[in-house]
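Structure, as structure tokens:
The values are calculated or read from the model by the stated rules, or taken from the named source; none is laboratory data. The model shown is predicted, which means the values in this text are computed figures rather than measured ones. Here the Cβ is made from the backbone with ideal geometry for all residues, glycine too, and neighbour counts use every protein chain on show. When the accessible area is computed, the model is the full protein with side chains, heavy atoms only, and any ligands, DNA or RNA have been set aside. Shrake-Rupley method; radii C 1.70, N 1.55, O 1.52, S 1.80 Å.
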Amino acid sequence: MPIGQHMANLRRKGGLGKNPERAAARAQQLTAIDEDWNCPWPLDWQRHYRVLADLVDTETGGVLPDIAPGVLFDGDDLGKWLQRQKQPATWKLLQQERLTALGVQPLEAPSPAPAAGRAAKGPGKAQQAFQRGLAALAQWVEREGSHRPVPRGHAEEITVDGETEPVTVRLGVWVSNTKTRRDKLTPEQRNALAELGIDWA
């Protein structure tokens, strides 16, 4: 049974059947097996998370072993993926409560040098725009991989703290503009981009 293809078909619109009652019963049966069978986040993320969950040592109270970048599982660099999840921009964006339950902790965000008069006001509009673009890029990389360039016209929907509706980021334009202005980026911003596999950063 090609289970992966079967699950992909079930996740499609109308994949559980046209009869609403039967579709609801099927969804309930699938949820009983795995509550995340049709997760709203990228399936790539879920696949890596399931591998981590399986690695947790229940005999030691649910401790995840140290997984360094370069540790591969089925050809995927699980350690590099885990390191990316710990980055402050990615941590806010993704399923941090699930990773926390596995014992994963985020890395400390670097303290920015206080700008005169701006420290009390919080991050400026440019910094907020950069963080949103970075979060959208992290989501893209998580789903598509860092090897695939973002098309110029691509837009990405992200969840932002304090917003009830998803926010649309014109990611292709953001990447292009950020690359053009890369000489104006802070070292922290360059590092954040480099962590996502952006070679020009």
Problem set entry | Qualifying positions in region 116-134 - loosely packed, with under 10 Cβ neighbours inside 10 Å and either at pLDDT below 50 or within 20 Å of the chain's Cα centre (by Cα) (or both) | ALA116, GLY117, ALA120, LYS121
Problem set entry | Flag for VAL71 being hydrophobic (A, V, I, L, M, F, W, C), closer than 24 Å to LEU10 by Cα and modelled with pLDDT of 80 or more | no
Exercise. Is it the case that region 136-148 has a residue that's open to solvent by less than 80 Å² (accessible area, probe 1.4 Å), within 16 Å of GLN87 (Cβ to Cβ), polar (S, T, N, Q) and under 15 Å from the mean Cα position of the chain (by Cα)?
Worked result: yes
Exercise. For region 81-92, does any single residue satisfy the condition of being surrounded by 13 or more Cβ atoms within 10 Å (Cβ to Cβ), in contact with a Ser or Thr (Cβ under 8 Å, 6 or more places away or on another chain), at pLDDT 75 or above and in a helix (DSSP H, G or I)?
Worked result: yes
Exercise. So which residues in region 150-169 are surrounded by 11 or more Cβ atoms within 10 Å (Cβ to Cβ) and either in contact with a helix residue (DSSP H, G or I) (Cβ under 9 Å, 6 or more places away or on another chain) or part of a strand (DSSP E or B) (or both), if there are any at all?
Worked result: VAL150, ARG152, HIS154, ALA155, GLU156, GLU157, ILE158, THR159, VAL160, VAL167, THR168, VAL169
